[in-house]
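**Q** Dropping a structure here in structure tokens format, bear with me for questions.
A short reminder: the numbers here are calculations on the coordinates, not readings from a lab. Predicted model only: the values in this text are computed from it and were never measured. Please note: Cβ atoms are built from the backbone with ideal geometry, for glycine as well, and neighbour counts cover all protein chains shown.
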Amino acid sequence: MTVDPRDRFPKPPFKPQTQGFPGLSAKMHPQPDHGEASYTGSGKLTGKVALITGADSGIGRAVAIAYAREGADVAISYLNEESEDAQETERWVLEAGRRCLKLPGDISLVPNARALVEKTVAEFGKLDLLVNNAAFQATRSSIDEISEEEWDQHFAVNINAMFYITKAAVPHLKPGSVIINTSSVNSKHPMPALLAYSATKAAIANFTLGLAQMLVEKGIRVNAVLPGPIWTPFIVTGMDEDSQKTFGSQAPMARPGQPGEVAPAYVHLAADESSYTTGALYPVHGGMPIY
Ligand code: NAD
Ligand code: MG
């Protein structure tokens, strides 16, 4: 049966619902869709081991569910206060018949970032897929509202941690392994209200393109996904009420995407069949014109 993509999921207006960062998916309404009822695996990642940051909720949870249904064991990283959401991700990974390793902790601290990789390898014996997906975001309407600490926090979580984890992971990655970084449409079209965040997302896209060239000699592919507006805790913790009400209307699809609609891009990039795809920036944005 064909489905009209415009009508598949909720559209604005949404009821504003403010949570403090990082927020919980469990408290959102409507509930985000992570592909729980729809994603069907076909053995694309059989026997692989994946480490996914920010996998308690949102895009990371959808990727964890899809990877598990494709046959991968999954280590999930998140913040301590998100353990309720992380348990839900774990439940779906186990239900898919795969193993799940929960790794709470702040990845902007170098020892924690390194520990993610070491614990994953200790538990599962190897690492094949690294998904650098965690991020911090705060909305500010003028530059004087952005404290130096908040500016630094954006870079510490979004790009520095990505470097720390990637550096720790590379010695374990065999030829055929894949790194996928979550960037954003804001990497190419910065939003003034997300000045610091957008700059980190541009850094991630640039880091991806450089790293892809650097790691090709090891047989490691490196790509990034550029999501548009996606319905996750990020929105109810990082955006003002007006932006929440109309969220998704900026895309030609006239609604936000759901995490489960983004996860297939991460499967595609991770699969062995995509062996010629490295240094790609893969947009999933409901038709927003970016170039
Ligand atoms: P989300 O809130 O579900 O995921 C973000 C996760 O980052 C959190 O769950 C948290 O576990 C993790 N995180 C934040 N700070 C951390 C820290 N210091 N240590 C460890 N983990 C930390 O929201 P999401 O929208 O699924 O976000 C996932 C990715 O998608 C992010 O990189 C975000 O920038 C990107 N993205 C989201 C959208 C959107 O509209 N939702 C659009 C473009 C890009
Ligand atoms: Mg979360």
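**Q** So which of K44/K174; K27/K48; K11/K102; K119/K174; K201/K245; K44/K126 end up more than 27 Å apart, counting from Cα to Cα?
**A** K27/K48; K11/K102
**Q** Still on this structure, I have one more. Would you mind ranking I143, I52 so that the residue whose beta carbon has the fewest other beta carbons within 10 Å leads the list?
**A** On the way: I143 10, I52 29.
Listing I143, I52 from fewest to most nearby Cβ atoms yields I143, I52.
**Q** Using only helices, what value at 222 nm comes out for the chain when you add -39,500 (n - 2.57) per DSSP H run of length 4 or more and divide by the total residues, to the nearest 500 deg cm²/dmol? Mind showing how you got there, number by number?
**A** Values: 9 runs with 101 residues, N = 291.
That comes out to -10500 deg cm²/dmol.
**Q** Now for a separate question. Find out how many positive minus negative residues lie around L209, taking Lys and Arg as positive, Asp and Glu as negative, among other residues whose Cβ is under 15 Å from that of L209.
**A** +3
**Q** What list do you get for E241, E149, E88, E261 if you sort them by fewest beta carbons within 10 Å?
**A** Starting with the residue having the fewest Cβ neighbours, the order is E149, E241, E88, E261.
**Q** Report the gain in length on full extension from T40 to E241: 0.36 nm times residue separation, minus Cα-Cα distance, nm rounded to one decimal.
**A** Net length gain for the segment: 68.8 nm.
**Q** Give me, ordered by chain and number, the residues 5 or more places off F136 or on other chains with an amide H under 5 Å from its own placed amide H.
**A** N158
**Q** Projected onto the charge dipole of segment 166-291 (+1 at Lys/Arg Cβ, -1 at Asp/Glu Cβ, origin at the Cα centre), which of P283, N206, S243 gives the Cα projection farthest towards the positive end?
**A** It is N206.
**Q** Computed from the mean reciprocal separation of all distinct C-alpha pairs, what Kirkwood hydrodynamic radius does segment 90-224 have, in Å?
**A** This gives a value of 16.0 Å.
**Q** Okay, next question. Under 5 Å between amide H atoms, partner at least 5 residues away or on a different chain: which partners does V222 have, H built in plane at 1.01 Å?
**A** I179, G279
**Q** For Cα pairs less than 8 Å apart in space and 6+ apart in sequence, what is the mean separation divided by the residue count of the chain, i.e. the relative contact order in percent?
**A** With pairs under 8 Å counted, the relative contact order is 24 percent.
**Q** Still on this model: Go ahead and collect, in residue order, the members of segment 101-128 whose backbone nitrogen is under 20 Å from a label point 7 Å along the Cα-Cβ direction of S147.
**A** 106-109
**Q** Residue by residue through segment 238-246, what is 3J(HN,Hα) from phi via Karplus (6.51 cos²θ - 1.76 cosθ + 1.60, θ = phi - 60°)? Round to whole Hz and write x for glycine and proline.
**A** x, 10, 6, 4, 4, 5, 5, 4, 9
**Q** Can you list, largest first and rounded to whole Å, the semi-axes you get for segment 43-281 by taking the square root of 5 times each eigenvalue of its Cα gyration tensor?
**A** Equivalent-ellipsoid dimensions as semi-axes: 27, 19, 18 Å.
**Q** Please turn the phi angles of segment 249-265 into ³J(HN,Hα) values with the Karplus equation 6.51 cos²θ - 1.76 cosθ + 1.60 (θ = phi - 60°), one per residue in order, whole Hz, x for glycine and proline.
**A** 5, 6, 8, x, 5, 6, 7, x, x, 9, x, x, 8, 9, 4, x, 5
**Q** Then there is this: Any idea what the dipole of the chain comes to, in debye rounded to 20, about its Cα centre with Lys/Arg Cβ at +1 and Asp/Glu Cβ at -1?
**A** Value, rounded to 20: 820 debye.
**Q** Which order results if Y164, Y266 are arranged by neighbouring Cβ count within 10 Å, fewest first?
**A** Fewest to most other Cβ atoms nearby, the residues stand as Y164, Y266.
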